[in-house]
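Heads up: the structure comes next, in structure tokens.
The values are calculated or read from the model by the stated rules, or taken from the named source; none is laboratory data. Predicted model, so just to flag it, every value in this text is computed and none were measured. Every residue, glycine as well, gets a Cβ built from its backbone with ideal geometry; the counts of neighbours run over all protein chains shown. Note: accessible area is taken over every heavy atom of the protein model, side chains too, but ligands, DNA and RNA are not part of it. Shrake-Rupley method; radii C 1.70, N 1.55, O 1.52, S 1.80 Å.
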Amino acid sequence: MQSERNTGYDEKRAVRRRQLALCLAALLLVALAAFPFCAKTIGRAIYPKQYSQQVEYWSEAYGVDPVAVYAIIHTESKFRPRAESGVGARGLMQITEETFDWIKTQIAPEESVTFDDLYDPDTNIRFGAYYLSRCMQRYGDLATAAAAYHSGWGTVDELLSQEEYAASENTLSKFPYQQMNLYVFKVERAYTRYSRLYLE
């Protein structure tokens with residue numbers, strides 16, 4: 001009698017275990033199916049395309065890859081229009097006053113735009129996209145252009161004059177300064193993430 005009860009109990013436990021295993025397998029399949037969507041959603045929250053109208057417009061106007069502009073904005077300010085650095089660079093693309101003054105002579109010499117206007121996203125992206133386009137024209141590849149955007153043309157030109165850092169006449173193979181190296185790494189990573197999240 002006792003043996004029959006134990007047998008019945010064991011069979012019920014075995015059935016419950018099978019049901020539980022089937023439920024867990026089903027949940028795992030659902031989770032695996034949903035993972036790409038969730039991963040992309042989370043990725044796009046970390047790497048958003050804010051101010052897309054301005055980015056697309058000014059990128060096209062100055063012939064620069066909009067993905068590169070998003071990568072610079074993400075690296076520079078994380079899309080905070082009122083961001084300001086310790087050296088006084090302002091806005092989404094973190095433009096210094098000296099750089100602003102030079103860009104103004106190139107694209108807006110007759111306009112009343114001022115350095116304070118760099119807190120405006122449209123003005124900032126306009127000036128930043130232009131400057132990035134000039135960096136790309138001058139150096140050709142994103143890494144070297146990013147180094148120039150961050151550290152200035154003079155610094156990059158000086159490095160290019162040294163064989164140990166130059167891959168070619170206009171392209172750096174190494175970025176010897178810690179901040180520059182980290183900046184280039186972040187821009188390239190952001191560029192890759194934006195490309196995968198939005199273009200694939």
**Asked** Just wondering, is there one or more residues in the stretch 169-185 that are modelled with pLDDT of 95 or more and part of a strand (DSSP E or B)?
**Response** yes
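Has the stretch 156-164 got at least one residue that is of a type in the set (D, E, K, R) and outside any helix (DSSP H, G or I)? Break it down stepwise before answering.
Step one: of the stretch 156-164, the residues of a type in the set (D, E, K, R) are 157-158, 163-164.
Imposing the further condition that a residue be outside any helix (DSSP H, G or I) reduces the set to 163-164.
Yes.
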**Request:** Could you check, for the stretch 116-133, whether at least one of its residues is surrounded by fewer than 15 Cβ atoms within 10 Å (Cβ to Cβ) and either hydrophobic (A, V, I, L, M, F, W, C) or on the phi > 0 side of the Ramachandran plot (or both)?
**Result:** no
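In the list 39, 68, which residue meets the criterion of being in a helix (DSSP H, G or I), among the aliphatic types (A, V, I, L, M) and in contact (Cβ under 8 Å) with a residue 60 or more places away in the chain? Steps first, please.
Values: 39 fails: in contact (Cβ under 8 Å) with a residue 60 or more places away in the chain.
68 is the lone residue from the list that is in a helix (DSSP H, G or I), among the aliphatic types (A, V, I, L, M) and in contact (Cβ under 8 Å) with a residue 60 or more places away in the chain.
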**Asked** Pairs under 6 Å by beta carbon, first residue open to solvent by less than 20 Å² (accessible area, probe 1.4 Å) in the stretch 138-152, partner part of a loop (DSSP other than H, G, I, E, B) and hydroxyl-bearing (Ser, Thr, Tyr), six or more apart or different chains?
**Response** 144/171
**Message:** Looking at (1) under 19 Å from residue 76 (Cβ atoms); (2) open to solvent by 30 Å² or more (accessible area, probe 1.4 Å), which one does residue 187 not meet, given that it meets all the others?
**Reply:** (2)
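Please tell me if residue 17 is at pLDDT 70 or above, outside any helix (DSSP H, G or I) and more than 16 Å from the chain's Cα centre (by Cα). Steps first, answer last, please.
On the way: at pLDDT 70 or above: yes; outside any helix (DSSP H, G or I): no; more than 16 Å from the chain's Cα centre (by Cα): yes.
When the stated conditions are applied, residue 17 does not pass them.
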**Request:** Taking residue 158 as meeting all but one of (1) free of Cβ contacts under 8 Å to residues at least 40 places away in the same chain; (2) open to solvent by less than 30 Å² (accessible area, probe 1.4 Å); (3) farther than 20 Å from residue 57 by Cβ, write down the number of the exception.
**Result:** (2)
**Request:** Would you check if there is a residue in the stretch 41-59 being at pLDDT 95 or above, more than 9 Å from the chain's Cα centre (by Cα), open to solvent by less than 10 Å² (accessible area, probe 1.4 Å) and among the small types (Gly, Ala, Ser)?
**Result:** yes
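Can you pull out the residues in the stretch 80-109 that are under 19 Å from the mean Cα position of the chain (by Cα) and either open to solvent by 10 Å² or more (accessible area, probe 1.4 Å) or touching a residue at least 40 places away in the same chain (Cβ under 8 Å) (or both)? Lay out the reasoning, then the answer.
Taking the stretch 80-109 and keeping what is under 19 Å from the mean Cα position of the chain (by Cα), we get 80-85, 89-95.
Across the stretch 80-109, the qualifying residues are 80, 81, 82, 84, 85, 90, 92, 94.
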